[in-house]
Amino acid sequence: MKFHTTESGAKLVTLIPGDGIGPEVVASARQIVEAAGARIEWEERQAGASVFEQGLATGVPDDTIESIRKTRVALKGPLETPVGFGEKSANVTLRKLFETYANIRPARELPGIATPYSGRGIDLVVVRENVEDLYAGIEHMQTPGVAQCLKLISRKGCEKIVRLAFELARAEGRTLVHCATKSNIMKLTEGMLKRTFEEVAPEYPEIEAQHIIIDNCAHQLVKRPEQFDVIVTTNMNGDIISDESSALVGGLGFAPSANIGTDVAIFEAVHGSAPKYAGKNVINPTALILSAVLMLRHLGEFEPAAAVEGALLATLAQGRTTRDIAGDDGSALSTTEFTEAVIGNLGEVPAGWEPRDYKPLRLPDVSTAPDFVSDPSRRVVGVDVFVESALEPQELGRSLEEKAAGTRLRLKAISNRGTRVYPPTGAMTDCIDQWFCRFTLAENGRDVEDDEIAELVRRIGSTHRWMHLEKLQEFHGEEGFTKAQGED
Ligand code: NAP
């Protein structure tokens, strides 16, 4: 990634103060980074509540977008979407605009921050896919009482995140990468991350690669978190286990993050704008300072990064903390006092702290072509028609068989919420009014054609209400669809 360098040789960074406590934590991190001698210059830009209130529905003005396009690196405070302004959050807008496909969340035991895990040496990084999965936000009401959210996982998306996880392990001298999925249930979507992981792993022979089912991963994180090094996972899983990991080492006040894309990286604390503390000079700026450390490493500024990290940790180890840790006994430092304490500690490293030997992160060079996976041999072998009906399954089945009569398609099965109910299996299914009706070729023959599907749907629609179609395809002779429980 090429960074924007100013005439003085400094790297330019877009600085977004953000909302609520944002300006306070951003000011703290900025002062410390500058005091550490990092060759950084800032371009301050706005986003969030004030921008929404000026009537801009995205919450991110053009000059902020232009600045990030130019600098390719941003350090930002939390952003709010005020009630009644815009539907999309400014954070999501930024993530989508700059395709920051990886969310990186380190969790390392911090000196002086006592937790039930203190002394066990937690030091892990969650690498969460950041744009696909259920978070693509594709939702529909299929019937008045049934909602659907599409879980989209692409091979390209998997390859980018898996390669980034291994590259991160390399850059940080880590030796173990876990891939956490629910591939035992969602064989095609979650399974795609697992399969990609297994294909890519041999390219990194010095790194041990293990797959773990996500629910066990969550369990193991609580039971024995020190066993993990890097965990790569899908968006929804990562959302949950990265918060879980943060809690293991002290919680939201200590959780930094990096949103990495091929062209742009945005660094921010995990916490929000905590509006009740805004302007009170009491909050903990640690998460944003640690995010600035991640940013400095990303920019190749390894020495100032180590200096800021060392000084911050030395301050915590001295027991000098803000109110969230110190409580109300009068010993708590204000945000500005804490910032000064960290600056005063520059050059210090807490006893027993072993800094890592960081190397530049090599971003995966994955093709940007939309047809990332070349067209394989393909056959259309049927169609799933989603039907809304209050009929009993037997009655609906007989009706749909009549509709398909005389076509090359036959009703193979009707399922309700993933369980076959027609032909009956004896399962005690509590049915709802949305049926997933599978039609396949009655006899082996040429591919099912669009006109045949259209004719079948026209016939079904003359009696029943349908709302969704899905072609059944085979790729390289393998079925590109799963079977309902009880379907043969
Ligand atoms: P929040 O702002 O993270 O605050 C939740 C609680 O966490 C606070 O009340 C406080 O706990 C604690 N906390 C958070 N940051 C802290 C810090 N730096 N130091 C000490 N304690 C801290 O979550 P929220 O109240 O759900 O969200 C508020 C707004 O922020 C919302 O508008 C939300 O959309 C936005 N948000 C933005 C981002 C982002 O920009 N990336 C992320 C999350 C939320 P106590 O009350 O126990 O003291």
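The values are calculated or read from the model by the stated rules, or taken from the named source; none is laboratory data. Worth saying up front: this structure is predicted, and the values here are computed from it rather than measured. Please note: Cβ atoms are built from the backbone with ideal geometry, for glycine as well, and neighbour counts cover all protein chains shown.
Data table
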{"quantity": "Checklist (1) surrounded by 14 or more Cβ atoms within 10 Å (Cβ to Cβ); (2) in contact (Cβ under 8 Å) with a residue 60 or more places away in the chain; (3) of a type in the set (A, V, I, L, M) applied to Ala341, failing item", "calculated": "(2)"}
{"quantity": "Helices (runs of 4 or more DSSP H) contained in the stretch 1-93 and holding at least 3 residues more than 13 Å from the ligand (Cβ to nearest atom) and among the β-branched types (Val, Ile, Thr)", "calculated": "62-71"}
{"quantity": "Considering residues of the stretch 94-105 that are farther than 22 Å from Gly253 by Cα and touching a helix residue (DSSP H, G or I) at 6+ places or on another chain (Cβ under 8 Å) only, the residue farthest from the ligand (Cβ to nearest atom)", "calculated": "Tyr101"}
{"quantity": "For Leu252: the one exception among (1) closer than 23 Å to Lys151 by Cβ; (2) within 12 Å of the ligand (Cβ to nearest atom); (3) aliphatic (A, V, I, L, M)", "calculated": "(1)"}
{"quantity": "Some residue of the stretch 94-116 being under 20 Å from the mean Cα position of the chain (by Cα), surrounded by 22 or more Cβ atoms within 10 Å (Cβ to Cβ) and of a type in the set (Phe, Trp, Tyr)", "calculated": "yes"}
{"quantity": "Matching residues, the stretch 15-44, being under 22 Å from Ala278 (Cα atoms) and in contact with an Asp or Glu (Cβ under 6 Å, 6 or more places away or on another chain)", "calculated": "Leu15, Asp19"}
{"quantity": "Some residue of the stretch 364-382 being in contact with a Lys or Arg (Cβ under 7 Å, 6 or more places away or on another chain), among the small types (Gly, Ala, Ser) and within 16 Å of the ligand (Cβ to nearest atom)", "calculated": "no"}
{"quantity": "Residue, farthest from Ile113 (Cα to Cα), within the stretch 271-297, restricted to residues that are in contact with a Leu (Cβ under 7 Å, 6 or more places away or on another chain) and more than 12 Å from the ligand (Cβ to nearest atom)", "calculated": "Met295"}
{"quantity": "Long-range neighbours under 7 Å by Cβ, at least six apart or interchain, first residue under 15 Å from Glu172 (Cα atoms) and small (Gly, Ala, Ser) within the stretch 295-313, second assigned to a helix (DSSP H, G or I) and modelled with pLDDT under 95", "calculated": "none"}
{"quantity": "Condition met for Asn259 (near the ligand (Cβ under 10 Å from one of its atoms), over 20 Å from Ile65 (Cα atoms), surrounded by 20 or more Cβ atoms within 10 Å (Cβ to Cβ) and among the polar types (S, T, N, Q))", "calculated": "no"}
{"quantity": "Residue that is surrounded by the fewest Cβ atoms within 10 Å (Cβ to Cβ), among those in the stretch 349-401 that are touching a residue at least 60 places away in the same chain (Cβ under 8 Å) and of a type in the set (Asp, Glu)", "calculated": "Asp357"}
{"quantity": "Flag if Thr335 is under 27 Å from Ala49 (Cβ atoms), more than 12 Å from the ligand (Cβ to nearest atom) and hydroxyl-bearing (Ser, Thr, Tyr)", "calculated": "no"}
{"quantity": "Restricting the stretch 431-452 to residues that are at pLDDT below 95 and loosely packed, with under 11 Cβ neighbours inside 10 Å, the residue that is nearest to Arg408 (Cα to Cα)", "calculated": "Glu443"}
{"quantity": "Yes/no for Arg398 being in a strand (DSSP E or B), of a type in the set (D, E, K, R) and modelled with pLDDT of 95 or more", "calculated": "no"}
{"quantity": "Pair list, Cβ < 7 Å and 6+ apart or interchain, from the stretch 318-331 residues that are under 20 Å from Lys276 (Cα atoms) and without any contact (Cβ under 8 Å) to a residue 60 or more places away in the chain to residues that are in a loop (DSSP other than H, G, I, E, B) and of a type in the set (Gly, Ala, Ser)", "calculated": "Arg323/Ala332; Ala326/Ala332"}
